Amino acid sequence: MTDEKPRGGRGTRLRRIVVWCAALVALVAAAGFGYESVARRADGTRHPAPGRLVRVGDHRLHLHCTGAGTPTVVLEAGLAESSASWDVIQRGLSGGARVCAYDRAGYAWSQDGPPPRTAWHAAGELRALLSAAGERGPYVLAGHSYGGNIVRVFAGRWPDLAAGLVLIDVTDENAADALNLSRPLLAAQFTVNGLLARTGLLRLSGEALVPAEATAPARVHASVVYGGRSMDAARAEAWSVLDSAAQVRATVRPGAWGDRPVVVIVPSGQPAIAVDQARRLAALSTRGRLMIAATAEHYVQAAQPELVIGAIRDVVAAR
């Protein structure tokens with residue numbers, strides 16, 4: 001008489017649980033993709049673009065301009081952000097100036113654009129956009145974070161079109177090692193965020209997955225502003241960040257900005273090396289100055305909007 005071991009066991013049960021869990025996740029994901037696909041068809045009605053779409057090459061970019069006056073203020077958002085991130089600043093300035101915010105290719109209401117998504121490429125598209133829209137220069141250019149790379153390249157390529165600059169906690173083009181380390185982390189983050197959007201979780205979660213610094217319009221239109229396409233655009237820019245930094249470095253030389261009014265804003269509590277870099281940046285103009293914000297937040301324009309509005313007004317008045 002022989003003893004027979006029972007078939008299966010703990011290992012088999014565990015495999016079955018894993019298979020069933022995987023099947024459930026796949027089913028939920030498929031349902032989410034389906035829901036998001038259907039919901040997205042109504043975004044044009046539920047989340048209309050606040051500005052207009054202007055053709056630039058083979059795609060169209062969203063441009064939102066308000067107010068009147070000269071020179072025109074152009075607002076350039078940071079990585080993974082859009083024109084909506086400037087809402088408070090734009091409304092604060094529009095009473096006495098012409099102010100334009102826009103979405104880079106792939107972001108929010110703009111159509112996808114061709115690679116590479118570098119600062120050089122974005123600066124070229126910005127110039128083409130403003131020209132096609134009839135927004136005449138010169139411009140006061142305000143850039144936040146990675147957006148500072150773009151306005152700096154713009155000013156380097158077309159100095160006659162740059163009446164002045166406001167740079168808000170801009171990316172350090174000399175921090176090559178840090179930028180290289182951040183690329184895969186940012187790409188992974190934007191990939192995950194894109195999946196959350198494409199499976200409907202961003203839309204269903206209300207404001208739970210919206211960044212804390214988001215403006216009211218960004219929250220209302222989160223499914224567009226932080227949707228899958230926007231995250232794809234952010235990932236493409238993140239992978240090109242080293243090339244973009246090199247493009248910015250190529251514009252740096254003593255007196256590069258002449259006597260144009262320039263304000264460089266950094267959050268409080270920054271390391272001495274970061275403050276020194278900001279001071280050197282301001283010194284590229286004979287009328288450059290450094291401002292230390294009262295907030296330690298990276299999004300100074302969200303935490304201390306009056307400081308940013310005042311700095312832009314100062315540059316407009318001094319140009």
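Since every read-out is calculated from the coordinates, none of them should be taken as a lab result. Treat the numbers as computed from the prediction; the structure is a model and nothing was measured. Cβ placement follows ideal geometry from the backbone for every residue including glycine, while neighbour counts extend to all protein chains displayed.
The table that follows gives values for the structure above.
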{"read-out": "Total formal charge among the other residues, if their Cβ is under 15 angstrom from that of CYS100, Lys/Arg +1 and Asp/Glu -1", "value": "+1"}
{"read-out": "The chain - charge dipole about Cα centre, Lys and Arg +1 at Cβ, Asp and Glu -1, debye rounded to 20", "value": "580"}
{"read-out": "Under 12 Å, Cβ to Cβ, from ALA250 - net charge with Lys/Arg +1 and Asp/Glu -1", "value": "+2"}
{"read-out": "Dipole axis of the chain (+1 Lys, Arg; -1 Asp, Glu on Cβ), positive-most option in GLN304, GLY288, ALA317", "value": "GLN304"}
{"read-out": "Added length on full extension, which subtracts the Cα-Cα distance from 0.36 nm per residue, SER131 to ALA318", "value": "64.9 nm"}
{"read-out": "Residue-count net charge about THR66 - beta-carbon cut-off 13 Å; Lys, Arg +1, Asp, Glu -1", "value": "+1"}
{"read-out": "Residue-span extension gain [THR295 to LEU242] - 0.36 nm each, minus C-alpha spacing", "value": "16.3 nm"}
{"read-out": "Estimated distance in nm for a label pair at ALA178 and ASP112, the labels positioned 7 Å out from Cα along Cα-to-Cβ", "value": "3.3"}
{"read-out": "Distance between modelled label sites at ALA250 and VAL275, nm, 7 Å Cα→Cβ extension", "value": "3.4"}
{"read-out": "Helical contribution to [θ] at 222 nm, DSSP H n ≥ 4, -39,500 (n - 2.57), averaged over the chain, rounded to 500", "value": "-14500 deg cm²/dmol"}
{"read-out": "Segment 190-319 - percent relative contact order, Cα under 8 Å, separation 6 or more", "value": "21"}
{"read-out": "Computed over the chain: relative contact order in percent, which uses C-alpha pairs under 8 Å that are six or more apart", "value": "19"}
{"read-out": "DSSP bridge pairs, the chain: antiparallel proportion in percent, nearest 5", "value": "25"}
{"read-out": "Three-way shape label, segment 106-151, alpha-carbon gyration tensor, a/c 1.5", "value": "oblate"}
{"read-out": "Antiparallel DSSP beta bridges within segment 64-167, percent to nearest 5", "value": "20"}
{"read-out": "Residues of segment 275-319 with amide N under 11 Å of a point placed 7 Å along Cα→Cβ from SER268", "value": "292-297"}
